[in-house]
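Undergrad: Please read through the structure below; I'll follow up with questions.
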Amino acid sequence: MAVEYRKDRKKWGYRVYLAGRCFKKYAWNTKREAREAEREFLVEIKKNPPPPKNTLTAVASQYLIESARKGRSKWRLDGLRWNFNKFILPFFGENTLVTTIKRKDVEEFVLAQKQRGVKNKTIWNYVTDLRAMFNWALKEGLVVSDPVSGADLDPIRNRKPHKPPLKLEDVELAASVLEGYDRVYFDFMRYTGLRKDEANRVRWEDVDLANGWLHVPGTKTEESDAIIPLAPALRDELVKHLRENPDSEYLFFGRSAQTKGRKIYSRSRLFEKITRLTASCGDCRRMGSLVNEKVCTTCGVVVHRNRCSKCGPAGAVIKKQRCGRCGSENIQSGVKLKPKDMRDIFATEVADRVTNPDVMRRLLRHTNLTTTTKYMRMVNDRMREAVKGLGAVLGGGLNSELGPKTTQNDISGVPVQVGVIARDLREKFGGGGRTRTVDSADMSRVL
């Protein structure tokens with residue numbers, strides 16, 4: 001402990017070392033004032049000692065600083081900061097020593113997230129961030145073991161997403177109800193495969209309309225920052241979009257009073273609009289006539305608040321949907337899409353057009369093909385077309401020779417005909433008296 005004078009600041013102050021940390025402050029004109037401030041500081045720090053350097057909060061902060069120093073992307077740093085502040089620190093405790101966190105604590109954290117209804121994939125992301133922090137702390141000598149590595153993570157082992165098959169006609173229907181700004185954004189998403197945040201922050205300086213190229217500012221990895229070609233149809237739309245919005249910096253800027261001309265993040269209103277405009281009435285069959293209302297359950301009057309002023313506290317309000325044309329409440333649900341689906345649509349369409357899988361990987365800007373395959377979705381019409389002709393040749397030949405199909409000839413005639421076909425094949429190509437099936441079975445016994 002010392003009271004000293006800083007010539008560069010021309011001020012008196014103190015320097016105190018406690019628990020391996022240095023506390024210093026230079027803000028006084030006289031030595032006496034600095035000494036008095038030092039005494040007050042020592043009294044205060046005795047009442048409220050600072051947390052140790054190996055608390056979870058301190059270690060997490062150091063890990064974030066180190067991640068930024070190593071060049072982690074802003075997207076990754078924001079995700080780490082959010083997961084630690086929102087989920088990890090509140091569960092384990094901000095001032096908990098990292099050396100006291102054990103395997104059982106990590107398992108309890110996983111179970112607690114499952115009880116909240118969090119998806120397994122999301123919980124795995126939390127655990128991955130926690131493991132990364134402990135691995136860094138292990139290298140720095142702050143802990144002697146990683147509790148995450150020994151934890152039982154079986155409750156979240158099943159993390160494979162279950163994506164329903166795509167209906168391409170629904171995608172075209174969604175596009176048909178949009179126009180102007182909304183239609184250009186929708187087509188931009190499905191013809192480029194960009195992530196939502198990537199599309200939201202594309203500037204006109206990133207677009208080469210003359211040559212048909214787009215520079216994509218990366219988010220996750222360095223490889224995601226790339227230059228990809230623009231579809232000719234999309235290029236024509238962007239030329240028109242630029243003429244209508246010549247003063248905008250971003251391609252898809254905010255239009256509300258709060259975000260006008262600036263970058264925005266949420267696109268929920270657009271996809272809610274698609275669902276509303278593609279919903280149809282089950283009675284009059286009219287599409288786009290959906291009306292959302294709040295109705296009082298007591299008097300049946302349409303209200304604009306969450307409480308009916310006429311009925312008072314007794315008037316509960318519920319949300320209803322009806323057709324704006326005929327008033328029917330028999331509403332058929334509209335097309336439900338999310339920004340993430342647009343990337344899947346792009347991947348599925350590209351996969352159907354290319355034979356080299358590396359082309360698709362580069363367009364999606366992935367580091368490996370394993371990730372790329374997760375974006376391909378099944379298409380209902382294409383699956384039906386794939387199985388449409390199965391059995392047609394064999395079934396047609398048998399039916400033509402066996403005559404009208406009955407229960408008897410359907411069961412007894414097929415083995416006879418198959419035996420004749422097998423005999424003819426043996427005579428033509430050889431194979432001896434035994435069939436290949438029997439020979440294979442004998443060989444399996446030897447092995």
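Undergrad: Say we look at the range 319-366 and pick out the residues that are part of a strand (DSSP E or B) and not aliphatic (A, V, I, L, M); which of these is nearest to the chain's Cα centre (by Cα)? Walk me through it before giving the result.
TA: First, pick out the residues of the range 319-366 that are part of a strand (DSSP E or B): 319-323, 331-332.
Those left that are additionally not aliphatic (A, V, I, L, M): 319-323, 332.
Details: Lys319: 29, Lys320: 31, Gln321: 30, Arg322: 33, Cys323: 34, Gln332: 28 Å.
Among residues in the range 319-366 that are part of a strand (DSSP E or B) and not aliphatic (A, V, I, L, M), the one nearest to the chain's Cα centre (by Cα) is Gln332.
Undergrad: Taking the conditions exactly as written (within 30 Å of Gly324 (Cβ to Cβ) and either part of a strand (DSSP E or B) or modelled with pLDDT of 85 or more (or both)), does Lys273 satisfy them or not? Break it down stepwise before answering.
TA: Numbers: within 30 Å of Gly324 (Cβ to Cβ): yes; either part of a strand (DSSP E or B) or modelled with pLDDT of 85 or more (or both): yes.
Yes: the conditions hold for Lys273.
Undergrad: Could you list, in sequence order, all residues of the range 261-270 that are free of Cβ contacts under 8 Å to residues at least 24 places away in the same chain and either within 18 Å of Asp341 (Cα to Cα) or not in a loop (DSSP other than H, G, I, E, B) (or both)? Lay out the reasoning, then the answer.
TA: As a first pass, look at the range 261-270 and keep what is free of Cβ contacts under 8 Å to residues at least 24 places away in the same chain: 261-262, 266, 268-269.
Listed by number, the residues that qualify are Ser266, Ser268, Arg269.
Undergrad: Condition first: within 22 Å of Gly93 (Cα to Cα) and either part of a helix (DSSP H, G or I) or of a type in the set (Val, Ile, Thr) (or both). Now tell me which residues in the range 46-65 satisfy that. Break it down into steps so the answer makes sense when it comes.
TA: Here is the first cut: in the range 46-65, the ones within 22 Å of Gly93 (Cα to Cα) are 47-65.
If the condition is that a residue be within 22 Å of Gly93 (Cα to Cα) and either part of a helix (DSSP H, G or I) or of a type in the set (Val, Ile, Thr) (or both), then Lys47, Thr55, Leu56, Thr57, Ala58, Val59, Ala60, Ser61, Gln62, Tyr63, Leu64, Ile65 are the ones that fit.
Undergrad: Among all residue pairs at least 6 apart or on different chains, which show Cβ distances below 9 Å where the first residue, located in the range 233-260, is on the phi < 0 side of the Ramachandran plot and in contact (Cβ under 8 Å) with a residue 60 or more places away in the chain and the second is surrounded by 17 or more Cβ atoms within 10 Å (Cβ to Cβ) and of a type in the set (Gly, Ala, Ser)?
TA: Going by the 9 Å Cβ cut-off, the qualifying pairs are Leu251/Ala199; Phe252/Ala199.
Undergrad: Would you list the helices (runs of 4 or more DSSP H) that sit entirely within the range 149-205 and hold 3 or more residues that are touching a Phe, Trp or Tyr at 6+ places or on another chain (Cβ under 9 Å) and under 21 Å from Ile264 (Cβ atoms)?
TA: Details: elements: 168-176, 180-192, 196-200.
Helices (runs of 4 or more DSSP H) meeting the threshold: 180-192, 196-200.
Undergrad: Considering only residues that are modelled with pLDDT of 90 or more and small (Gly, Ala, Ser), look in the range 1-33 and name the one that is nearest to Asn54 (Cα to Cα).
TA: Gly13
Undergrad: Let me ask you something else. Would you confirm, using the coordinates I've provided, whether Ser333 is on the phi < 0 side of the Ramachandran plot, among the small types (Gly, Ala, Ser) and either buried (at least 17 other Cβ atoms within 10 Å of the Cβ) or modelled with pLDDT of 85 or more (or both)? Walk me through how you get there before you give the answer.
TA: Values: on the phi < 0 side of the Ramachandran plot: yes; among the small types (Gly, Ala, Ser): yes; either buried (at least 17 other Cβ atoms within 10 Å of the Cβ) or modelled with pLDDT of 85 or more (or both): yes.
When the stated conditions are applied, Ser333 passes them.
Undergrad: Next up: Take the conditions outside any loop (DSSP other than H, G, I, E, B) and modelled with pLDDT under 85 and apply them to Thr371. Does it pass? Please lay out each step first, then the result.
TA: Working: outside any loop (DSSP other than H, G, I, E, B): yes; modelled with pLDDT under 85: yes.
Yes: the conditions hold for Thr371.
Undergrad: When the range 51-77 is examined, which residues are found to be polar (S, T, N, Q) and closer than 27 Å to Arg201 by Cβ? So that I can check it myself, show each step before the final result.
TA: Residues of the range 51-77 polar (S, T, N, Q): 54-55, 57, 61-62, 67, 73.
Within the range 51-77, Ser67, Ser73 qualify.
The values are calculated or read from the model by the stated rules, or taken from the named source; none is laboratory data. Being a predicted model, the structure only gives us computed values, none of them experimental. Methodologically, a virtual Cβ is constructed for each residue, glycine included, from the backbone with ideal geometry; neighbour enumeration extends over all protein chains shown.
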